[in-house]
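Before any comments, here is the structure.
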């Protein structure tokens, strides 16, 4: 039904998102897209994975459909389901189906959060078949030539339960992301928020201190995203120390010792 | 005491020697006349002395003291007293000294009083005398006369710590209270034995008041009185800070920031801000007042004082951070240089400037450190050191260091200003290295050298920078190098030689009488249980094969079934077809449909960690009633079956046994750990189980819980298998160990551990409820234990 009528344009990105390349990831992605290879982007939270995909979709001028995965998500949430209406039932395409029909880049964010039986439905789309069977509807969709599948996954909180199956992993090419180097991150902050470089460098310094504590009470370091938040708060007139506490310390931990150490780091940096 | 103008000759003048002159004809007319105001003129000072000498004579008569040693110092003391005391004060002084002289306790009390009182009165006021006198009078009236001398000796240091009158009064009350409670009596009528702890306390009081507030001191004293009142030797150990718990209580009551409490924060500080890590090792800063140890680091770790008090508005934790920042600075930026080419002064200067350099670099990294360093770094007054009389090396270097740190310094010394500027200029050019700093230091020493630097008396005031380490890592010594390595090697353990058992862990014990913990009271030694023959256990299992079969059926019933369907969900993973159809029919039929047409799944796993704690006390060797087997053998069978059952279920579990021989020796025998499999190794240990000694349950439970609490499981269960009440030979009051065990159960509960007792004592009703509340079972017929125990476990965890 509705698939072919979907307005492609609503999924397009019209304004260039700011993205600072850390290496040759842009070229690599372009090459992967040219061959329509599925891509996996790995890296800690808030290091710019989603922004990168957004940027590439803009650069390639293709629609982008993003799905944030969670553990309650089922295959039908991706593929589509029958809904009841006044005359009986009606089929509704899920985001993956829509993307395959219109030729969008389908971005499954934080794929490990989804249950493993859910992840399996993407398999036929990721190999030479490039098809998506809709069992319940009895339809086999041949993916649009522009369609590409991208997943992101954060190996940081990899527990035994939250890991991708080998059979899934081995269907993707992968790009590894990490927090940018201090110099680069400073640049990113000041370009993104327009703060002066001096303050940005200080924020990055606190961020680095927090990242050093990863695995010693912190599950994840302070992300670039949080640094951007802090810079934004400072720009809007908040006292730098308060901004740092609010944006960079309070969100990531309830551990009094860590909080104390990071608060001290803030005082030590903003003397 | 202070020695003032009167020379030795006069002090020993014949007038003042009571042995040579009759006291009767002292009050001569001249003496009275000499009190007239002296006439002015060139001989004034001499006449003043004369007057004083005569005046002393009157006082001497009033004092009426026959001790020659008193006579020797009397003039000096009077000189001091006349300066420091008022007219009334002097009379009271003489009068009270007279009392002390007549007291019959020898010359010591009066001597100490004469020498010390003027100084004390200066600090705490002359009106403190009656209170002190009353205190002494009470000692005098009791068998504690011997404590008077130490009491008087300790007074000056007490007054230094407690200058306010109110504080002094509280202190005196505390002393009297202690004395009354520890002075022994026979038949409750007469006090006949002196307080054993009192004199020891006076000897330690300076240390104690240095570490404790008055309230803390009171708690510390109370503890000692409470626990050692009937044990004179232990009491002395306690009050002279010899025993372990004495120090532990002291540590508990101390003021300041303890390293122990903040280790994690400081670890994080190192790791987070400096990407450095090392072992933080505390050293005691308590007992060495004269030579305070200095922080340092070596191959084994970073040594820091065990406690920092707040200083100049810098909190204790920030002082630790400043110290660590300084040491990390050295670790990052200092390189070793050869010491042999430098003189001691040059080395001192090089260390000082190197300290300044690493701090400069550290502050560039974290500008906020400047506030800490500025607050903690002393600022010696420029004219504090008299270069004619004392060596000013340290003083000059500290000034230079301050000038480098503090741009707003006010020093006028041309060298200090010049070298501070040179330092900053050089640092601007490049970061310099240790070698370059050393040459700057050498030229500073050369430019500022003075003859007096060689004097033995060095100016120390305001020259100690408390957060700096001793710089031992800065130097290479050509000659000592080889020996150093040899010494280090000796410390290492011989390869292949295993440690026998672990060092003891100390646990507190609850004292219900006072509703407080006795810290570090019990020592628990943990070791591997010796190994026996694993086949014995297999044989036991075979013996109970039919029982095992029955158990297996029960086990299969409670084995986790992974997926459970939850129906009637508005939001769910799948459509529940039955419900959906019904809804659709309702809908078509015109009535309102049930929207809960989805279903979802949930996994239900078992997530239980279990520790089985076995009482292995002597009583287990007895034959069980109505059975040929001992309780120990039956327990062995029961535990084997239980272990087999738990293994079948796949729950993580540990087994340990315990017994005790006084609080100093609680044995905790490891039989199976959580990570070990139920294999021959473990069965072997179980087979070798033996029983002896007593049952100190609380400590064993606390020790077991420190393993169990680290397990990641939703439910944590501790099964305690015992045949009697907690008891030990060093515990007279049987109630104490019961109450302690009860407390331990409460502690477990707070950690999320469910304690359950399986008691084999038919008379257990009397106490087991007190300890475990409702969480217990009494097995009257011990012969049934092998069957009952696994069943009990299964029903507990169903």
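Annotations for the structure displayed:
- The stretch B:737-798-the stretch B:573-637 distance, computed between alpha-carbon centres (Å): 22
- Computed Kirkwood radius, in angstrom, where 1/r is averaged over Cα pairs of the stretch B:151-229: 13.2
- Virtual spin-label span in nm between residue B:464 and residue B:780, 7 Å along Cα→Cβ: 7.1
- Taking each DSSP H run with n ≥ 4 as -39500 (n - 2.57) and averaging over every residue of chain B yields -16000 deg cm²/dmol at 222 nm.
- In this label model, residue B:173 and residue A:15 are separated by 7.3 nm, measuring between points 7 Å along each Cα→Cβ vector.
- Residue separation of residue B:341 and residue B:361 scaled by 0.36 nm, minus their Cα-Cα distance, works out to 4.6 nm of gained length.
- Calculated FRET value between residue B:506 and residue B:375, using beta carbons and R₀ = 30 Å, to 0.05: 0.25
- Take each peptide in A:216-227, B:406-417, B:353-364, count the other Cβ atoms within 10 Å of every residue, and average; sorted highest first, the result is B:353-364, A:216-227, B:406-417.
- In chain A, helices alone account for a calculated mean residue ellipticity at 222 nm of -11000 deg cm²/dmol, with every DSSP H run of four or more residues adding -39,500 (n - 2.57).
- Both radii were evaluated on the Cα set of the stretch A:182-269; the Rg over Rh quotient, with Rh as the Kirkwood radius, amounts to 0.94.
- Spacing of the two label points (7 Å from each Cα toward its C-beta) at residue B:406 and residue A:170, in nm: 7.0
- Length released on extending from residue B:550 to residue B:602, taking residue separation times 0.36 nm less the Cα-Cα span: 15.7 nm
- For the residues of A:257-268, the average number of beta carbons from a partner chain within 10 Å of their own beta carbon is 6.
- The separation of the stretch B:305-376 from the stretch B:204-232, counted between C-alpha centres, amounts to 36 Å.
- Where N is the number of residues in the stretch B:50-186, Cα Rg divided by 2.2 N^0.38 Å: 1.06
- Label-zone membership for the stretch B:593-627, site residue B:568, 7 angstrom Cα→C-beta point, backbone N under 19 Å: B:593-602
- Spatial separation of Cα centroids for the stretch A:113-145 and the stretch B:668-713, in angstrom: 53
- When you restrict to C-alpha pairs under 8 Å that are six or more residues apart and normalise by the size of chain B, the relative contact order lands at 7 percent.
- Computed over chain A, relative contact order equals 20 percent, with contacts defined as Cα pairs under 8 Å that lie 6+ residues apart.
- Counted over chain B, the DSSP beta bridges are approximately 45% antiparallel.
- Three-way shape call for the stretch B:563-603 based on the alpha-carbon gyration tensor, with the a/c threshold at 1.5: prolate
- Taking the stretch B:381-429 and dividing mean pair separation by its residue count, relative contact order in percent (alpha carbons under 8 Å, at least six apart): 32
- Exposure proxy for A:76, B:401, B:600: other Cβ atoms within 10 Å of each Cβ, ordered fewest to most, give B:600, A:76, B:401.
- Neighbour-count order for B:390, B:277, fewest beta carbons within 10 angstrom listed first: B:277, B:390
- DSSP beta bridge pairing in the protein assembly as shown, given as percent antiparallel to the nearest 5: 45
- The protection proxy used here, the mean number of other Cβ atoms lying within 10 Å of each residue, ranks peptides B:675-682, B:750-757 as follows, highest first: B:750-757, B:675-682.
- Additional length obtainable on full extension of the chain from residue B:83 to residue B:203, 0.36 nm per residue less Cα span: 40.3 nm
Any read-out appearing in this document is the output of simple, stated calculations on the displayed coordinates, not a laboratory observation. Everything numeric in this text was worked out from a predicted model, so none of it was measured. Counting neighbours? That spans all protein chains shown, and the Cβs are built from the backbone with ideal geometry, glycine included.
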